Amino acid sequence: MKKVLLILGHPDKNSLNGRLANVFEEEIKNKQYDFRRINLGDLNFDLNLSKGYREVKELEPDLKKAQEDILWADSLVFVFPMWWYSFPAILKGFIDRIFLPSFAFKYSKNGSNFPDKLLKGKKSFLICTSGGPNIYYFFIGNLATKTLKRMLAFCGIKNKKTILFGSSSGDPEKINLDKHRNKILKIINLI
């Protein structure tokens with residue numbers, strides 16, 4: 001059975017991103033896949049990697065559980081907004097704190113400059129929202145998704161599909177999710 005982990009990278013689960021994550025969860029449960037979800041806004045952790053990897057602080061229980069969930073999953077689905085051409089600090093801090101050397105990658109002792117990718121074989125799917133229109137990012141590129149894809153690839157996770165929901169600003173309760181549901185179903189069908 002396929003194992004899917006959804007990571008909500010918006011601090012507010014009542015946001016549009018939270019609502020899109022809910023749609024994903026509803027639809028994936030129809031497939032009867034094993035499913036888990038992490039709402040980053042619900043986790044209790046310090047997102048500051050204050051001394052870099054020189055002195056890694058002990059992981060909080062929520063982050064230890066998140067690492068277990070990542071190891072368990074075949075597919076990781078990230079749902080997040082683009083803020084100032086990037087993703088929210090809570091998602092960056094989460095990645096900084098748990099995608100650690102010896103968990104997500106490690107440098108070989110054989111002198112290679114390239115890391116061993118410890119999460120090889122996993123797939124990722126990105127669902128990103130933005131206040132700007134999709135056509136804008138067609139011309140300038142989507143730095144948020146590009147950065148996240150590269151971070152995941154560094155650890156061996158291959159991105160299979162990215163969806164951008166542009167022009168998504170405003171009251172999340174007023175946005176019709178039915179038009180987004182079909183795009184979410186496309187991702188689910190690729191898992």
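The values are calculated or read from the model by the stated rules, or taken from the named source; none is laboratory data. All figures in this text were calculated on a predicted structure; none of them were measured in a lab. Glycine gets a Cβ as well: all are built from the backbone with ideal geometry, and neighbour counts include every protein chain shown.
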For this session: Inspect all residues belonging to the range 67-77 and state whether any of them is over 22 Å from K117 (Cβ atoms) and either of a type in the set (D, E, K, R) or over 15 Å from the mean Cα position of the chain (by Cα) (or both).
Result: no
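Kindly indicate whether any position in the range 54-61 is among the acidic types (D, E), at pLDDT 95 or above and out of contact with any helix residue (DSSP H, G or I) (no Cβ under 8 Å at 6 or more places or on another chain).
So in the range 54-61, the residues among the acidic types (D, E) come out as 55, 58, 60.
Next cut, at pLDDT 95 or above only: 60.
Okay, now just the ones that are also out of contact with any helix residue (DSSP H, G or I) (no Cβ under 8 Å at 6 or more places or on another chain), so 60.
The answer is yes; a qualifying residue exists.
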Problem set entry | Qualifying residues in the range 14-62 (those that are touching a Gly at 6+ places or on another chain (Cβ under 8 Å) and in a helix (DSSP H, G or I)) - the one nearest to F94 (Cα to Cα) | L40
Problem set entry | Tabulated pairs, the range 116-132, first under 18 Å from S102 (Cβ atoms) and free of Cβ contacts under 8 Å to residues at least 12 places away in the same chain, second of a type in the set (F, W, Y) and assigned to a strand (DSSP E or B), C-beta under 8 angstrom, 6+ apart or interchain | D116/F105; D116/Y107
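With respect to R36, is the statement that it is crowded, with 19+ Cβ neighbours inside 10 Å, touching a residue at least 24 places away in the same chain (Cβ under 8 Å) and of a type in the set (D, E, K, R) true?
Numbers: crowded, with 19+ Cβ neighbours inside 10 Å: no; touching a residue at least 24 places away in the same chain (Cβ under 8 Å): yes; of a type in the set (D, E, K, R): yes.
No; evaluated as a whole, the condition is false for this residue.
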For this session: Name every residue in the range 148-178 that is surrounded by fewer than 16 Cβ atoms within 10 Å (Cβ to Cβ) and either outside any helix (DSSP H, G or I) or modelled with pLDDT under 80 (or both), in order of residue number.
Result: K158, K160, S167, S169, G170, D171, E173, K174, N176, L177, D178
Exercise. In the range 72-98, which residues are among the aliphatic types (A, V, I, L, M) and either in contact with a Phe, Trp or Tyr (Cβ under 8 Å, 6 or more places away or on another chain) or in contact (Cβ under 8 Å) with a residue 40 or more places away in the chain (or both)?
Worked result: A73, L76, V77, V79, M82, A89, I90, L91, I95
Problem set entry | Residue check, I135 assigned to a strand (DSSP E or B) and of a type outside the set (S, T, Y) | no
Problem set entry | The listed residue being outside any helix (DSSP H, G or I), surrounded by 13 or more Cβ atoms within 10 Å (Cβ to Cβ) and out of contact with any strand residue (DSSP E or B) (no Cβ under 9 Å at 6 or more places or on another chain), out of F103, F80, F125 | F103
Problem set entry | Tabulated pairs, the range 99-113, first aromatic (F, W, Y), second part of a loop (DSSP other than H, G, I, E, B), C-beta under 7 angstrom, 6+ apart or interchain | F99/C155; F103/L118; F105/L118; F105/C155
